Amino acid sequence: MRRVAIVALLLLSFAVPAVLSAEEAPHPITVASFFKVLPGKGETVMGMLKKYDKPVLDKLMADRTITGWGVGMPWAHTNGSWNLVLWIDAADWAGHGKVDQAFEAAEKARSADENKKIEQEFHAATAPDAHRDGVYRQVFAKMGKAPASPEGKGYLWLAHWTAKPGKEDDLTSFLSDIYPGVFDKLLADGVIGGYGMLVPVVHVAGAPTHLSWYWVDTLGGIDKVQAALRAAHAKRAPEQQAALDARAEGIFEPGTHFDDLLEVPMSGVPKP
């Protein structure tokens, strides 16, 4: 499949500060593209991804040009504008440039007739007007165990947050303070396979300013995550919770938070 089809499916590595100081080292970049697969065409598109895209991505993983990739589909259907996302993680922009080169090389290795057939088949299976891309920098990402399945199957919980104007860095700081206390323990216990936070580097009007995420191998893992979050809340003294609520009220734009739960049928993670 052509690179346009891949870039159109990318999203999932999370959290990056809205502004980086000159002294900070670059944060990894995630490119995410979203498609709407037409009814009855899901197996067609997945088959094309496995046949044409996965071999290229696996090779890029093996030589450490990229640090991760995956394909996700909504488990809970909350937005009709897309139903398939492909993400690719790389250490920097140069890495994503090499991804483009790898897909261009794969295309050149095929005949013109085969490339035309691939393009026609893909466009016949997706709604072109629904396609969009997202580019994010990772504020932080902590990874634990690899997915239990050989194909990299699992579930990804995505939380979308929007800061009030001028409060982007405060929201980054808030989530950075809250998440590790609960999620580091879940990571150490093997309940989750990773968690993190992202911020956009290509800004879209009206889009969330931050994304946070965590990975579980099974839906049952979500029960344990939510139980841990409830327990953390219950342990706070009333005055601590009141101070936290007041801090949040000054940071978050009201009425803008939403979640996505993705089923991941295949993904790639770094080898030790």
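The values are calculated or read from the model by the stated rules, or taken from the named source; none is laboratory data. What you see is a predicted model; the values in this text were computed from it and never measured. Neighbour counts are summed over all protein chains in view; Cβ atoms, including those assigned to glycine, are modelled from backbone coordinates with ideal geometry. Heavy atoms of the whole protein, side chains included, go into the accessibility calculation; ligands, DNA and RNA do not. Shrake-Rupley method; radii C 1.70, N 1.55, O 1.52, S 1.80 Å.
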Loop only per DSSP, at most 16 neighbouring Cβ atoms within 10 Å: give me the trypsin sites (Lys or Arg not before Pro) in region 88-178, ordered by residue number. 110, 145, 153
Principal axis lengths of region 198-272 from Cα atoms, whole Å, largest first? 44, 35, 25
How large is the Kirkwood hydrodynamic radius of region 190-231, counting all unique pairs of alpha carbons, in Å? 12.1 Å
Stretch in the chain that is longest and holds no GluC sites (Glu not before Pro) that DSSP places in a loop and that have at most 11 other beta carbons within 10 Å: 25-272
What trypsin sites (Lys or Arg not before Pro) does region 24-96 have in DSSP loop regions with at most 12 other beta carbons within 10 Å? 64
From the P(r) of the chain, can you give the percent of Cα pairs sitting at distances over 23 Å? 54 percent
As a check on your grasp of the helix formula, calculate [θ] at 222 nm for the chain: sum -39500 (n - 2.57) over DSSP H runs of n ≥ 4, divide by the residue count, round to the nearest 500. -11500 deg cm²/dmol
If I model a spin label as a point 7 Å beyond the Cα along the Cα-Cβ vector, how far apart are those points for residue 259 and residue 41 in nm? 3.1 nm
List the extent of the Cα atoms of region 134-272 along each of their three principal axes, largest first, rounded to whole Å. 44, 39, 25
Starting from the Cα of residue 110, step 7 Å along the direction of its Cβ; do the same at residue 170; then give the gap between the two resulting points in nm. 5.0 nm
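Using the Kyte-Doolittle scale, find the helices of the chain whose mean hydropathy is at least -0.5 and whose Cα atoms extend 15 Å or more along the helix's long axis, counting only whole DSSP H runs.
Qualifying helices, which must be both long enough and hydrophobic enough, are 168-188, 220-235.
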In region 129-260, what percent of the accessible surface is made up of carbon and sulfur (1.4 Å probe, ligands and nucleic acids excluded)? 57 percent
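Over 17 Å, how big is the tail of the calculated P(r) for region 122-168, in percent of all Cα pairs? Write down the numbers at each step before the final one.
On the way: 726 of 1081 pairs.
The share of Cα pairs beyond 17 Å in region 122-168 comes to 67 percent.
Sequence gap of 8 or more, or different chains, plus Cα separation below 25 Å: how many lysine pairs satisfy both in region 110-198? Can you show the working numbers first?
Details: 142/153; 142/167; 142/185; 145/153; 145/185; 153/185.
For region 110-198, qualifying lysine pairs total 6.
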Scoring the chain by relative contact order with C-alpha pairs under 8 Å, at least six apart, yields a percentage of 31 percent
Within the P(r) computed for region 47-90, what percentage of the Cα pairs occupies the region above 16 Å? 45 percent
With the 1.4 Å probe rolled over protein heavy atoms, region 209-272 has an accessible area per residue in Å² of 56 Å²
Could you tell me the relative contact order of region 117-268? Use alpha-carbon pairs under 8 Å, at least six residues apart, and round to a whole percent. 40 percent
In Å, descending, principal axis extents of the Cα set of region 26-157: 40, 38, 29
Multiply the residue separation of residue 242 and residue 59 by 0.36 nm, subtract the distance between their alpha-carbon atoms, and state the gained length in nm to one decimal. 60.8 nm
